[in-house]
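The values are calculated or read from the model by the stated rules, or taken from the named source; none is laboratory data. In this text, all values refer to a predicted model and were calculated from it rather than measured experimentally. All Cβ positions, even for glycine, are placed from backbone atoms using ideal geometry, and neighbour counts span all protein chains on display. Calculation scope for accessible area: heavy atoms of the full protein, side chains included, ligands and nucleic acids excluded. Shrake-Rupley method; radii C 1.70, N 1.55, O 1.52, S 1.80 Å.
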Amino acid sequence: MFAFADLTSWDALLIVVVTVQSLAMAYAESPKLKRLFLTLPFPFTVVILSVGRPIDGSNFVSMILLFAYTQVCRILHARMNVPILPTILIGVCFYAGTGWLVSDLVPTDDRVFWISCGIIVALGLLLNRLLANVEETPYRTTLPLKLKLPALLAVSALLVFTKNGLQGFAGFFPLVSVVAAYETRKTLWTLARPVPILMLTITPMLIVARLVQPHCGLGVGMALGWVAFLTSFILIRRR
């Protein structure tokens, strides 16, 4: 059973990072700002360092699961009129269940890593071209911080229960996206649209971390990976 005594410093940092990023996304009214906060891989970085698992092909596969999660939420809520809270629960169970089932099936060798890298870049480019650019509804949470913060802290703590079992799929577990699904329930394209951009911007980060980690460790690899991420992020944002 989970207990606060079992919390590591990484777990505590993860809860803080996810909560802060979720708050920023919830209180931002502009859909563009919400999408921006959803593409910043702060939780991913902390989870990867916390789990300590080297970068491998499962990190790319988990991005496909993340996109599937956003589509599950959009279809259930926007098209089938399922209430948002059951929708989010179904989406999270879908991601966690699928990730748990396939976490041991994705090989960790270089060949699978580079094949996965090529597939995710091609998929990101394709989705970025195909996904509709719809008019999104600005929305800012109306709950005061004293009520919002405890709820977000509880949601953020969820990943502590699941990250080890999900292994390489823990990094993209949709914690911030859980909050985003609720906060963008009026226009769930705000939730889905950033994922192709994330596929394109975080791939250089994963490549650098993969190449650096055998020589300098995962921490240095992720630090240099952030340089690659920010470079690709700025270039894509300018376009």
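According to the Cα-based calculation, Rg over Rh for segment 1-118 is 0.99, with Rh computed by the Kirkwood formula. Note that segment 1-115 presents 48 Å² accessible area per residue, ligands and nucleic acids not counted, probe 1.4 Å. The solvent-accessible area of Leu131, taken with every protein chain present and a 1.4 Å probe, is close to 20 Å².
Only the Cβ atoms of Lys and Arg (+1) and of Asp and Glu (-1) were treated as charged; on that basis the dipole of segment 82-239 about its Cα centre amounts to roughly 500 debye. List the aspartates and glutamates whose Cα lies under 18 Å from the Cα of Lys32, skipping any in the same chain that are fewer than 8 positions away. Cross-link targets: Glu135, Glu136, Glu183.
Heavy-atom accessible area per residue, segment 194-239, 1.4 Å probe: how many Å²?
Details: 2220 Å² over 46 residues.
Here the residues of segment 194-239 average 48 Å² of exposed surface.
Its residue count N sets the reference 2.2 N^0.38 Å, and the alpha-carbon radius of gyration of the chain equals 0.97 times that reference. The protection proxy used here, the mean number of other Cβ atoms lying within 10 Å of each residue, ranks peptides 118-127, 230-239 as follows, highest first: 118-127, 230-239. At a 1.4 Å probe, what is the % contribution of carbon and sulfur to the accessible area of segment 82-239? Within segment 82-239, the accessible surface is 68 percent carbon and sulfur.
Helical runs assigned H by DSSP (4 residues or longer) give the chain a calculated mean residue ellipticity at 222 nm of -23500 deg cm²/dmol, each run adding -39500 (n - 2.57) before division by the residue total.
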